[in-house]
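Peer 1: Structure provided below as structure tokens; questions to follow.
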Amino acid sequence: MRQEETISAIATPPGVGGIGIVRLSGETALSVAAAVFRPKRKGTLSDMKTYEAAYGHIVAPDGETIDEAIALVMRSPHSYTMEDVVELQCHGGGLVLQKALSLTLAAGARLAQPGEFTKRAFLNGRLDLAEAGAVMEVVSARTGAALRAASGRLAGRFSGRIRDWRQALLALIAHLEAVIDFPEDDIGNVALKEAERRLCQLAAEMERLLRTADAGRVLREGLLAAIIGRPNVGKSSLLNALLREERAIVTDIPGTTRDSIEEIASIGGIPLRVVDTAGIRDTDDVVERIGVERARQAAAQAALVLALFDGSRPLSPEDEAIWEIAREKDHILLFTKSDLPAAFAEEEIRRRMPDSDALRLSTKTGEGMEALSQRIVAKVYGGERPGDESLFLADVREADLLRQALASLAAAREAIESGLAEDFIVIDLRAAWEKLGEIVGETVGEDIIDEIFRRFCLGK
Amino acid sequence: MFNAGDYDVIVIGAGHAGAEAGLAAARLGCRTLLATLSMDNIALMPCNPSVGGPAKGHLVREVDALGGEMGLNADRTCIQFRLLNTGKGPAVQALRAQADKKRYQFTMKETCENQDNLDVKQLLIDDIVIEDGRVAGVVAETGEFYGAKAVILATGTYLRGRVIVGETVYDSGPNGQRAAMKLSDSLRRAGVRLMRFKTGTPARVDGRSLDYDKLIEQPGEDDAPSFSFLTDEVTRRNRVVCWLSYTNEKTHKIIMDNIDRAPMANGVIKGIGPRYCPSIESKLLRFPDKDRHQLFLEPEGLHTREVYVQGMSTSLPADVQIAFLHTIPGLEHCRVMRAGYAIEYDCIDPRQLNPTLEFKAIGGFFSAGQSNGTSGYEEAAAQGLMAGINAAMLVKGGEPLVLKRSDGYIGVLIDDLVTKGTNEPYRMMTSRAEYRLLLRQDNADLRLTDYGRRVGLVTEERWRRYQQKKAQIESALTALEETVISPSRETNEKLAAAGLSPVHVVTRLFDFLRRPDVAYRDLQPLFGLPEISAEAARQVDITVTYDGYIRKQQEQVDRQEKLENRLIPEDIDYQAVPSLRDEAREKLATVRPRSLGQAGRISGVSPADVSVLMVYLERQRRAGRPAKEETP
């Protein structure tokens, strides 16, 4: 059987403690696993028979031991996907698992898409017809997720910069291609030395961004969440409840919170960077308008949006604006003040946003708070649940793409240095350009050819 | 209606597409009719006199490897040869030649007229006859009917052709030929969607009126290769030189002062023209900052004084053409023999075709060349050959030939056309090929001869040459893999004597050859490697030097192959596929891709849509519908 490229993902449900598994499947599963797993006894993973397990450690390239682990080898076709599969069973949760996952990605695996193991299992004849429907759901959920504005932090906060890089690469690619395809036309050759300097610059900028987007960093620095809702809906109360201390000024006067306040709350072991914002509503008050603008921005940058609706007051047009903002992002809908009599039917909102997570909440009685933290944890570690394009994994995926783009840039520079011709250099530049495009969700089309003709007067 | 005869295959048009189509079908044993508007204009070159160039030269070599005619015909009749891009990688080096236009035509005419099974007739076709969704034959303007099992549309720019020179507009084919005015309506009645494209050509000037002292000479290269893998070394092929000059401010001023008289600027021309072959007035409008544009002066043949003014395509009025040409150094006193003109014509939306070039909705009806919205002699020839082969396969009940994007530029060309369609005359470029490194002009025979042999177009002589070259390459690569040299004094002295740098560790010759300054012919005598032809040695050098890149690209091909080989049933109902996005559903239903690989290349179909489709097909298969799996 011909195997697909190797994919990797955390296969165990979210939560801290117990055993966590990183699962690899595909043609190089064994060699990727061997690169990150050092067995205690002599021998390598590639020599192991199917269903054989080895005790050892997950080790980073710099020699740092990440965790002790057991590697279980399942050779094709004796596995769930019918491909070569290695499971790395680690001890630690959260950070440790993420680190192990990142190492497998750095060693050549690609981050699995939601449902991808199951899809392979199905296509390789492992699952029966009844299960196919479920697979379709998973796969199509992915369709929706991919189409939504990318929810990860790179795509959100840095999309402008990434587009600039792409544009710079595109200009260079178009010039190289024009020189190749129209050798008798009157266009100057590409100054390769100059191009190399530019690529060097680009690579440095990308590396800087990659450092900020390093997978482990999310767990160290937290996941950015924005609390949005119209004035006096209970945003600050929720923030305080999450922080378990009075930090923001909480009053009953609409518009009290003028500034966005950023705090770090620990939710199920995840550092959640919560931004509380001014209420989103149209206002003539200048100070508050700045706050509103900030709220929109905070939501745009956040990986997770907590959208609040006051359960004790009728829905207003302003609430419309709230869910317009929320639906662009991974979000949880919260109906606040559940201790007061309900003023509208929640079903109304649930019906309009049927795929959304929704909870009733009272910061006074504490109703819903436990459920909220469970939902947040589930979103961060989100496994293979349909419709759950996990926030955290979105970040890892983007970092993974950025790393691949960087590797291609490095290869292009190497090609220039070793004196290879334009057509070789352009191979790696195109690869880098495409990877960056995947981050910001821009597809590859006729762009290069359009750019060639836009920039150069060609043809005889 | 008078039945004037029954054929297996009828080809409408005998340009570069039609001639290849007719020859291929006849050579594959089909009784074939090649219908041309004018017996004097078979394989006419109504625009530039050149054949080849990047991607186009690749196409010619591919046509040749499959058993087509263009390469041989060009080798016999071209009068200047150059290898372009020699400073770049092997994949983008390309042969370009200047043809003697009349010799090119007459040689092709002679080949067609002497081909067994092929009738060449001067006929203007007015009507395509379709019965029960299948083509049944054609009707000529003179009223007679010709029956056929397959018909190939290769009408070039003749469908409702309209020529425009300034304020002068008339119905015409190129070069004053008749236009086919009725066939478009017949196609529309058959349900074919048409588009309107435009192209143009520059003036021809009298070579005796040029001031050659002011022009820059562009000589040919005596060591340039040939197009055909069957052409042996030839001498004295470069019989003319071309010349280079530039426009200037005065030229631009005359054009811009008269821009309101330019049909492409004032709205007279409605058709869509190509971006890569713009008229001089378009160049000035689009790139106003460029202070000069280059032009080449190219002789049109050995027995004419006409010189083609490459780069100055225009549809400005004749007086403006003469005035601006006279501002160009070397052309101050030039006499215009033919004015430049623009031509508008009907072509089909190629997304109506299968990758075999057969209409999806009309059995036995094929289309090839400019009538599919392409541009260029080479693009036309490539499609003509493929349409001819597939029409013959249909008649004979053989397996159709569909080349993949990883097989050749022909595969890229046809896949682009039928999958993405085109909104301007489509020109082949190397940047359109994602596996460019593999699709080299030097290995077209290694890529395609087997396919040509399978369908039956490869002659014994071609097959023998190919087998021999392949065996030589293999023996050399094996020897390189198996020979190991050690850093002994003896070895290093041997290397030094041959001008090669020494080795410091035990090295396989394969790895030694990777060094940029080493070629197979250097190592062959030193280490008793197999003696092989220069062509084979070049393949070995390229294979070894670029091994890493080639391997990487081959891996991408292998990965994509799985999707290419997963065929979609022709009668699939996309409405019945759950979870597809509406946009994808609509695009898929329009294009009706043949494989999952092709589906993924439709704009508006995401990778996730392809996954949805893949799972759906698998489910259908398990539910008892045998899904087709192609053997590659």
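The values are calculated or read from the model by the stated rules, or taken from the named source; none is laboratory data. None of these values were measured; they are calculated from a predicted model. Don't worry about glycine lacking a Cβ; one is built from the backbone with ideal geometry, like all the others, and counts go over all protein chains shown.
Peer 1: Pairs under 9 Å by beta carbon, first residue away from chain A (no Cβ under 11 Å) and surrounded by fewer than 22 Cβ atoms within 10 Å (Cβ to Cβ) in region B:268-287, partner of a type in the set (S, T, N, Q) and outside any loop (DSSP other than H, G, I, E, B), six or more apart or different chains?
Peer 2: Listed by first residue and then by second, the contacts come to B:GLY271/B:THR199.
Peer 1: Sticking with this structure for a sec: Confirm whether B:LEU83 is within 14 Å of chain A (Cβ to nearest Cβ) and surrounded by fewer than 21 Cβ atoms within 10 Å (Cβ to Cβ).
Peer 2: Here the answer is yes, as B:LEU83 does meet what is asked.
Peer 1: Would you confirm, using the coordinates I've provided, whether B:LEU187 is surrounded by fewer than 20 Cβ atoms within 10 Å (Cβ to Cβ) and touching a residue at least 40 places away in the same chain (Cβ under 8 Å)?
Peer 2: Judged against the criteria, B:LEU187 is not a match.
Peer 1: Still on this structure, please answer the following. Could you list all residues from region A:180-204 that are more than 14 Å from chain B (Cβ to nearest Cβ), assigned to a helix (DSSP H, G or I) and among the hydrophobic types (A, V, I, L, M, F, W, C)?
Peer 2: A:ALA195, A:LEU199, A:CYS200, A:LEU202, A:ALA203, A:ALA204
Peer 1: Hey, can you tell me all the residues within region B:170-184 that are surrounded by fewer than 24 Cβ atoms within 10 Å (Cβ to Cβ) and under 23 Å from the mean Cα position of the chain (by Cα)?
Peer 2: B:PRO174, B:ASN175
Peer 1: Here's something else I'd like to know. Of the residues B:GLU629, B:GLU570, only one is at pLDDT below 90, farther than 30 Å from B:LYS469 by Cβ, touching a strand residue (DSSP E or B) at 6+ places or on another chain (Cβ under 8 Å) and surrounded by fewer than 14 Cβ atoms within 10 Å (Cβ to Cβ); which?
Peer 2: Only one candidate qualifies: B:GLU629.
Peer 1: Give the residues of region B:333-360 that are over 18 Å from B:SER313 (Cα atoms) and in a loop (DSSP other than H, G, I, E, B), sorted by residue number.
Peer 2: Passing the criteria: B:HIS333, B:ASP349, B:ASN354, B:PRO355, B:THR356, B:LEU357, B:LYS360.
Peer 1: Looking at this structure, is B:TYR426 under 25 Å from the mean Cα position of the chain (by Cα) and closer than 18 Å to B:SER226 by Cβ?
Peer 2: no
Peer 1: If you go through region B:232-246, how many residues are at pLDDT below 90 and either closer than 17 Å to B:PHE296 by Cβ or assigned by TED's automatic domain parsing to the domain that holds B:SER533 (or both)?
Peer 2: Final tally of qualifying residues: 0.
Peer 1: Can you find a residue in region A:380-392 that is assigned by TED's automatic domain parsing to the domain that holds A:VAL179, β-branched (Val, Ile, Thr), modelled with pLDDT of 75 or more and within 15 Å of the chain's Cα centre (by Cα)?
Peer 2: The answer is no; no qualifying residue exists.
Peer 1: Within the group B:ARG551, B:ARG566, B:ARG538, B:ARG559, which residue is under 26 Å from A:GLU27 (Cα atoms) and away from every other protein chain (no Cβ under 12 Å)?
Peer 2: B:ARG551
Peer 1: Which numbered condition in (1) surrounded by fewer than 23 Cβ atoms within 10 Å (Cβ to Cβ); (2) without any contact (Cβ under 8 Å) to a residue 60 or more places away in the chain is the only one that B:LEU72 fails?
Peer 2: (2)
Peer 1: What strands (runs of 3 or more DSSP E) lie completely within region B:143-261 and have 2 or more residues being within 23 Å of B:LYS101 (Cβ to Cβ) and β-branched (Val, Ile, Thr)?
Peer 2: B:162-165, B:194-201
Peer 1: Name every residue in region A:325-349 that is farther than 19 Å from A:GLY234 by Cβ and under 29 Å from the mean Cα position of the chain (by Cα), in order of residue number.
Peer 2: Matches in region A:325-349: A:ARG327, A:GLU328, A:LYS329, A:ASP330.
Peer 1: Across region B:239-267, which residue is farthest from B:GLN321 (Cα to Cα) among those that are within 14 Å of chain A (Cβ to nearest Cβ) and surrounded by fewer than 19 Cβ atoms within 10 Å (Cβ to Cβ)?
Peer 2: Among residues in region B:239-267 that are within 14 Å of chain A (Cβ to nearest Cβ) and surrounded by fewer than 19 Cβ atoms within 10 Å (Cβ to Cβ), the one farthest from B:GLN321 (Cα to Cα) is B:LEU244.
Peer 1: Then there is this: Among the residues of region A:78-98, is there at least one that is free of Cβ contacts under 8 Å to residues at least 40 places away in the same chain and farther than 15 Å from A:VAL22 by Cα?
Peer 2: Yes; the residues of region A:78-98 include at least one that is free of Cβ contacts under 8 Å to residues at least 40 places away in the same chain and farther than 15 Å from A:VAL22 by Cα.
Peer 1: Okay, next question. I'd like to check something: does region B:219-238 contain any residue that is over 24 Å from B:SER50 (Cα atoms), basic (Lys, Arg) and either touching a residue at least 24 places away in the same chain (Cβ under 8 Å) or surrounded by fewer than 22 Cβ atoms within 10 Å (Cβ to Cβ) (or both)?
Peer 2: Checked region B:219-238: no residue is over 24 Å from B:SER50 (Cα atoms), basic (Lys, Arg) and either touching a residue at least 24 places away in the same chain (Cβ under 8 Å) or surrounded by fewer than 22 Cβ atoms within 10 Å (Cβ to Cβ) (or both).
Peer 1: What number of residues within region A:176-212 satisfy the criterion of being among the charged types (D, E, K, R) and either farther than 20 Å from A:LEU409 by Cβ or buried (at least 19 other Cβ atoms within 10 Å of the Cβ) (or both)?
Peer 2: 5
Peer 1: Okay, moving on. Scanning region B:309-319 for residues that are more than 10 Å from every other protein chain (Cβ to nearest Cβ) and crowded, with 22+ Cβ neighbours inside 10 Å, which turns out farthest from the chain's Cα centre (by Cα)?
Peer 2: Across region B:309-319, the extreme among qualifying residues is B:LEU316.
Peer 1: If we keep just the residues of region B:288-302 that are more than 10 Å from chain A (Cβ to nearest Cβ) and under 26 Å from the mean Cα position of the chain (by Cα), which is surrounded by the fewest Cβ atoms within 10 Å (Cβ to Cβ)?
Peer 2: B:LEU302
Peer 1: Going by what's in this entry, would B:ILE269 be described as more than 26 Å from the chain's Cα centre (by Cα), of a type in the set (A, V, I, L, M) and outside any loop (DSSP other than H, G, I, E, B)?
Peer 2: Answer is no for this residue.
Peer 1: What is the residue count in region A:96-112 for residues that are at pLDDT below 85 and not small (Gly, Ala, Ser)?
Peer 2: Counting residues in region A:96-112 that are at pLDDT below 85 and not small (Gly, Ala, Ser) gives 5.
Peer 1: Now for a separate question. Can you confirm whether A:ILE70 is modelled with pLDDT of 85 or more and within 14 Å of chain B (Cβ to nearest Cβ)?
Peer 2: Considered against the rule, which asks whether it is modelled with pLDDT of 85 or more and within 14 Å of chain B (Cβ to nearest Cβ), A:ILE70 comes out as no.
Peer 1: To continue, here is another question. Determine, yes or no, whether B:VAL577 is within 14 Å of chain A (Cβ to nearest Cβ), free of Cβ contacts under 8 Å to residues at least 24 places away in the same chain and over 32 Å from the mean Cα position of the chain (by Cα).
Peer 2: So B:VAL577 fails the test.
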